[in-house]
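First the structure, in the form of structure tokens, and then the observations on it.
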Amino acid sequence: MAETISILGTTDSYLNQLLFELREESIQADRMRFRANLERIGFLLGYEISKELSYSSQTVTTPLGRLDMRLPENQPVILSILRAGLPLHNGFLQLYDKADNGFISAYRHHTSGNEFVVKIEYLAAPELEGRTLMLLDPMIATGKSMVLSYRSVIEQLGQPEQIFVAGVLASEEGLAYVHRNMPKARIFVGAVDKELTAKAYIVPGLGDAGDLAFGPK
């Protein structure tokens, strides 16, 4: 499991400052700053994922000479789970500015008490057969939204050659669920928290990322 999962916040880096600001109540109340921090983490996650892509040599001509450089062989498809995934998506686009893009809606439909099912109602994305897919969701709580989104995507758009999952925070349970149901995916997250509430929110987590970024729904 460890070989396919990267937890960036386990080592000292500026990522932990951004995670602190996302979690801290007095700071996260600033929606613009919250969205900006999600974007900045998206850029960092995207950079770490870039180390796993396929590269080939290309020659660049400068005013003073020529040089062989290693460049990505293909552009990825960045696909975000709405709505909380939008700022994270923008962070990835700052790095992968030539990428194709997709969006999918996955939301909790509560049935009774704390019980809910995840529903998919919208998907707009290019064909994925043989491509590199980067599937983004800031919060991987139970992992059900991520897995159901992935299954819906490949059923309609084909099987990617490479699959990367990226999230800001995950629960141990959610991370294990995604890994178990998406064994071919490489998973990158900022941090992992141990607990889920009865309503399946990550503890200590940071609250509802979509509400904090865009306001209550």
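The values are calculated or read from the model by the stated rules, or taken from the named source; none is laboratory data. Everything numeric here is computed off the predicted structure, so don't read it as measured data. Here the Cβ is made from the backbone with ideal geometry for all residues, glycine too, and neighbour counts use every protein chain on show. Calculation scope for accessible area: heavy atoms of the full protein, side chains included, ligands and nucleic acids excluded. Shrake-Rupley method; radii C 1.70, N 1.55, O 1.52, S 1.80 Å.
Structure notes:
- Taking the Cα centre of the chain as origin and assigning +1 to Lys and Arg Cβ atoms and -1 to Asp and Glu Cβ atoms, the resulting dipole is close to 200 debye.
- Shape of segment 1-158, Cα gyration tensor, a/c cut at 1.5: oblate
- Residues of segment 99-217: accessible area per residue with a 1.4 Å probe, Å²: 45
- Shown is the FRET efficiency for Ala198 and Thr4, computed with R0 = 41 Å from the Cβ-Cβ distance and rounded to the nearest 0.05: 0.90.
- Mean Cβ count within 10 Å, highest first, over the residues of peptides 23-36, 178-191, 63-76, 42-55: 178-191, 42-55, 23-36, 63-76
- Expressed as a fraction of 2.2 N^0.38 Å, the C-alpha radius of gyration for segment 3-72 is 1.61.
- Distance from segment 178-217 to segment 25-56 (C-alpha centre basis), Å: 15
- Descending by average beta-carbon neighbour count within 10 Å, the peptides 155-165, 82-92 line up as 82-92, 155-165, the highest first.
- The chain, helix-only ellipticity at 222 nm - DSSP H runs n ≥ 4, -39,500 (n - 2.57), divided by all residues, nearest 500: -10000 deg cm²/dmol
- Where labels lie 7 Å past Cα in the beta-carbon direction, separation of Leu71 and Asp211 in nm: 4.6
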